[in-house]
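Asks: My questions will all concern the structure given below.
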Amino acid sequence: MAKLLSTPRLTSIHFRTVTSTLSKSSSSPIHTSPTRSLISLHFSTRLLNLPSVDNRCRIHRNFSVSAFDTKNDDVSSSSKDDIKDEPGTEINGNDDSAKSNSTKEDQYPSGEFEFKEYGAWKRLVVKFRMLFAFPWERVRKGSVLTMKLRGQISDQLQSRFSSGLSLPQICENFIKAAYDPRISGVFLHIEPLSCGWGKVEEIRRHILDFRKSGKFVVGYAPACGEKEYYIGCACQELYAPPSAYFALYGLSVQASFLGGVFEKVGIEPQVQRIGRYKSAGDQLMRKSISDENREMLTALLDNIYGNWLEKVALTKGKKKEDIEHFVNDGVYQVERLKEESWITDIKYDDEVMSMLKERLEIPKDKNLPAVDYRKYSRVRRWTLGLTGYKEQIAVIRASGSISRTRGRFSSSSSGIVAEQLIEKIRSVRESKRYKAVVLRIDSPGGDALASDLMWREIRLLAETKPVIASMADVAASGGYYMAMATQAIVAENLTLTGSIGVVTGKFNLGNLYDKIGFNKEIISRGRYAELTAAEQRPFRPEEAELFAKSAQHAYTQFRDKAALSRSMTVDKMEEVAQGRVWTGNDALSRGLVDAIGGLSRAVAIAKQKANIPQEKQFMLGSLSTVILVKFWNSLGNLRI
């Protein structure tokens, strides 16, 4: 059986930079068996990370091999007073609905970080706790917190033995460092990233929040594209070596199609898609991009690029047009980047360290006191007086593709196992410790039945206590299915979400079998017994009709449930469904999400709904639901 599982190569939109995809893609390959050929029903969107919009589309920001020189960027605003609030990207779409949804968003607390100096008593308590801290929590006074941001960044908590980066730990380190009297500032070494724009936005927000403490944040970027610069320009100072690779050339999308290849080898994909924009399957049967897919990808690209130009212009104090002109000039010289204040200065990393030693008045013969990301992650919030005792909010983290059960055959690929997530949801529902729940989602979708079962459990949980969804890079198809069961949905402005649609089909391998001399005979009982078994021939008319009705039924269920969950009419939901992927901002204007922000805003809304004062300290209990498995799904599983 050959079935299309949501694979990044055939069903995902990839927006990447040289080494970075706008979002991580979890790859479920196409598996073939000599007996059956079915492309499983798919509501899947391995979205733009653009991880998947069901097409192989990538945003390229290729690093040039040539060297670049940079211009001095007087980005240094060393005090918290220099930080400006950054308005969100403008919402596109129907003016009336945009206004009404914007008004609704204003009802929710912003969750914005406010740095408050500790009083004398609190400082004394923190010092006392530090005296009796565990050995691994000991940090020298005046230390610099160093973090290297590179490659994949997981939305899950990582163990101390893991070599990967964890977004929750990165963000928590910034918060702890802001209040830790032993930390004098942060040094960020920024390398090419392979995460989505949602995570990049969250990291950028925490850098700006940390600066409110009055401590310095210094960035160093030897290889830099748009995503890396988006983080780097939020630092007070950004340095690069003379030979740095800077590739601020803009973003692009490309889609690849296998229709012509299959035609030559004798494979006929028979694809039934419901939803004009549901492009999973296009790359299998088409030879060129459809008008609908082009429209959707263009809108997503415009949103991402426009947001980048806006935020960089705001941070650098320049006009958006000037930023775009600079990008279109194709600048690669590091000296010019410095001259036009895109970076602070040209320095090697050892020179930056020497500069920090001088700033902190450390003798030249002494080493710069530093604590790395991994060690500092083990410092407890309690030690720094940053947690309460009585009120607890559960954070359930769900990352990866969705499956109902854990398969017998598994390998190292992350995913959400519904039966395990449901178990955690039920335990939280029955617990009296948790006053509210934040469901953190980073998923492009997966098994339809699994998504529906989780939707039901989340609805039951929401009947007992407030449940708020927080979207990371992508929460589309099955990922959106989970989110819509909550009482409010919070997305980043560039989160990829929606994709309410279905695609299904099978491969007809008849011509291929003729070419290679393979034959297969089937004996069956029942009118539709060969529906998924006979890949050596096309659908019969009655089989094609049943397949189409089945796909339409699956889509209708998904769309109607979305309309019910979002308190919209079916007709209104139909306008924004059709398999289309939206950015968080566009989803807000169309009623698919309720607010724009990160995890902190979702927590603030959860506190509001649980009647917990915003200023009151609380504990976050984190329950991860990522399981290291790759699923070899059984026949005919519905994918959303």
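Asks: Could you check, for segment 237-256, whether at least one of its residues is within 27 Å of the chain's Cα centre (by Cα), at pLDDT 95 or above and assigned to a helix (DSSP H, G or I)?
Replies: Looking through segment 237-256, none of the residues is within 27 Å of the chain's Cα centre (by Cα), at pLDDT 95 or above and assigned to a helix (DSSP H, G or I).
Asks: Another question, if that's okay. Of the residues that sit in segment 470-487 and are aliphatic (A, V, I, L, M) and under 18 Å from the mean Cα position of the chain (by Cα), which one is surrounded by the fewest Cβ atoms within 10 Å (Cβ to Cβ)?
Replies: Of the residues in segment 470-487, the ones aliphatic (A, V, I, L, M) are 471-472, 474-476, 482-485.
If we keep only those that are under 18 Å from the mean Cα position of the chain (by Cα) as well, we get 471-472, 474-476, 482-484.
Numbers: M471: 30, A472: 31, V474: 38, A475: 37, A476: 35, M482: 28, A483: 28, M484: 22.
Going through the qualifying residues, I end up with M484.
Asks: Something else now. So which residues in segment 198-219 are open to solvent by 10 Å² or more (accessible area, probe 1.4 Å), on the phi < 0 side of the Ramachandran plot and not in a helix (DSSP H, G or I), if there are any at all?
Replies: Going residue by residue through segment 198-219, those that are open to solvent by 10 Å² or more (accessible area, probe 1.4 Å) are 201, 205-206, 208-209, 211-216.
Right, trim to on the phi < 0 side of the Ramachandran plot and you get 201, 205-206, 208-209, 211-213, 215-216.
Across segment 198-219, the qualifying residues are K212, S213, K215, F216.
Asks: Filtering segment 389-419 down to residues that are of a type outside the set (A, V, I, L, M) and not in a loop (DSSP other than H, G, I, E, B), which residue is modelled with the lowest pLDDT?
Replies: Step one: list which residues in segment 389-419 are of a type outside the set (A, V, I, L, M), which gives 389-392, 397, 399-401, 403-415, 419.
Checking the rest, the ones that are also not in a loop (DSSP other than H, G, I, E, B) come to 392, 397, 399, 401, 403, 414-415, 419.
Numbers: Q392: 88, R397: 93, S399: 91, S401: 90, S403: 89, S414: 61, G415: 86, E419: 91.
By that ranking, first place goes to S414.
Asks: Need the failing condition index for N519 against (1) within 17 Å of Y481 (Cα to Cα); (2) exposed (fewer than 13 other Cβ atoms within 10 Å of the Cβ), just the number.
Replies: If we test N519 against (1) within 17 Å of Y481 (Cα to Cα); (2) exposed (fewer than 13 other Cβ atoms within 10 Å of the Cβ), just (1) comes out false.
Asks: Further question: When the residues of segment 322-372 are filtered to those that are of a type in the set (S, T, N, Q) and in a helix (DSSP H, G or I), which remaining residue is most open to solvent (accessible area, probe 1.4 Å)?
Replies: Residues of segment 322-372 of a type in the set (S, T, N, Q): 328, 333, 341, 344, 354, 367.
From what is left, the residues that are in a helix (DSSP H, G or I) are 328, 354.
Details: N328: 111, S354: 65 Å².
Ranking the qualifying residues of segment 322-372, first place goes to N328.
Asks: Given the conditions (1) modelled with pLDDT of 95 or more; (2) of a type in the set (A, V, I, L, M, F, W, C); (3) outside any helix (DSSP H, G or I), and given that L157 satisfies all but one, which numbered condition is not satisfied?
Replies: Among (1) modelled with pLDDT of 95 or more; (2) of a type in the set (A, V, I, L, M, F, W, C); (3) outside any helix (DSSP H, G or I), L157 violates only (1).
Asks: Right, something else. Answer yes if at least one residue in segment 131-150 is touching a His at 6+ places or on another chain (Cβ under 9 Å), surrounded by 18 or more Cβ atoms within 10 Å (Cβ to Cβ) and under 30 Å from G415 (Cβ atoms), and no otherwise.
Replies: Scanning segment 131-150 turns up at least one residue that is touching a His at 6+ places or on another chain (Cβ under 9 Å), surrounded by 18 or more Cβ atoms within 10 Å (Cβ to Cβ) and under 30 Å from G415 (Cβ atoms).
Asks: Test R566 against the stated conditions and say whether it is basic (K, R), touching a residue at least 24 places away in the same chain (Cβ under 8 Å), out of contact with any strand residue (DSSP E or B) (no Cβ under 8 Å at 6 or more places or on another chain) and open to solvent by 20 Å² or more (accessible area, probe 1.4 Å).
Replies: Spelling it out, R566 is indeed basic (K, R), touching a residue at least 24 places away in the same chain (Cβ under 8 Å), out of contact with any strand residue (DSSP E or B) (no Cβ under 8 Å at 6 or more places or on another chain) and open to solvent by 20 Å² or more (accessible area, probe 1.4 Å).
Asks: Taking only segment 172-186 into account, find how many residues are open to solvent by less than 10 Å² (accessible area, probe 1.4 Å) and either part of a strand (DSSP E or B) or of a type outside the set (G, A, S) (or both).
Replies: Here is the first cut: in segment 172-186, the ones open to solvent by less than 10 Å² (accessible area, probe 1.4 Å) are 173-174, 176-178, 180, 183, 185-186.
Still in the list and also either part of a strand (DSSP E or B) or of a type outside the set (G, A, S) (or both): 173-174, 176, 180, 183, 185-186.
The number of residues fulfilling the criteria is 7.
Asks: Something else now. Hey, can you tell me all the residues within segment 280-293 that are under 20 Å from A544 (Cα atoms) and either open to solvent by less than 30 Å² (accessible area, probe 1.4 Å) or part of a loop (DSSP other than H, G, I, E, B) (or both)?
Replies: Going through segment 280-293, the residues under 20 Å from A544 (Cα atoms) turn out to be 280-282, 284-286.
Result: A280, G281, D282, L284, R286.
Asks: Which count do you get for residues in segment 461-486 that are farther than 25 Å from Y277 by Cα and assigned to a helix (DSSP H, G or I)?
Replies: Within segment 461-486, residues that are farther than 25 Å from Y277 by Cα and assigned to a helix (DSSP H, G or I) number 2.
Asks: Report yes if I422 is of a type in the set (V, I, T), crowded, with 18+ Cβ neighbours inside 10 Å and free of Cβ contacts under 8 Å to residues at least 40 places away in the same chain, otherwise no. Explain how you work it out, then say what you get.
Replies: Working: of a type in the set (V, I, T): yes; crowded, with 18+ Cβ neighbours inside 10 Å: yes; free of Cβ contacts under 8 Å to residues at least 40 places away in the same chain: yes.
It is true that I422 is of a type in the set (V, I, T), crowded, with 18+ Cβ neighbours inside 10 Å and free of Cβ contacts under 8 Å to residues at least 40 places away in the same chain.
Asks: Give the residue, chosen from I422, I489, that is part of a helix (DSSP H, G or I) and in contact with an Asp or Glu (Cβ under 8 Å, 6 or more places away or on another chain). Before the answer, list the steps.
Replies: Numbers: I489 fails: part of a helix (DSSP H, G or I).
Exactly one of I422, I489 is part of a helix (DSSP H, G or I) and in contact with an Asp or Glu (Cβ under 8 Å, 6 or more places away or on another chain), namely I422.
The values are calculated or read from the model by the stated rules, or taken from the named source; none is laboratory data. Owing to the predicted nature of the structure, the values given are computational and were not obtained by experimental measurement. Reconstructed Cβ throughout: ideal geometry from the backbone, glycine too, with neighbour counts over all protein chains shown. Side chains included, ligands, DNA and RNA excluded: accessible areas come from the protein's heavy atoms. Shrake-Rupley method; radii C 1.70, N 1.55, O 1.52, S 1.80 Å.
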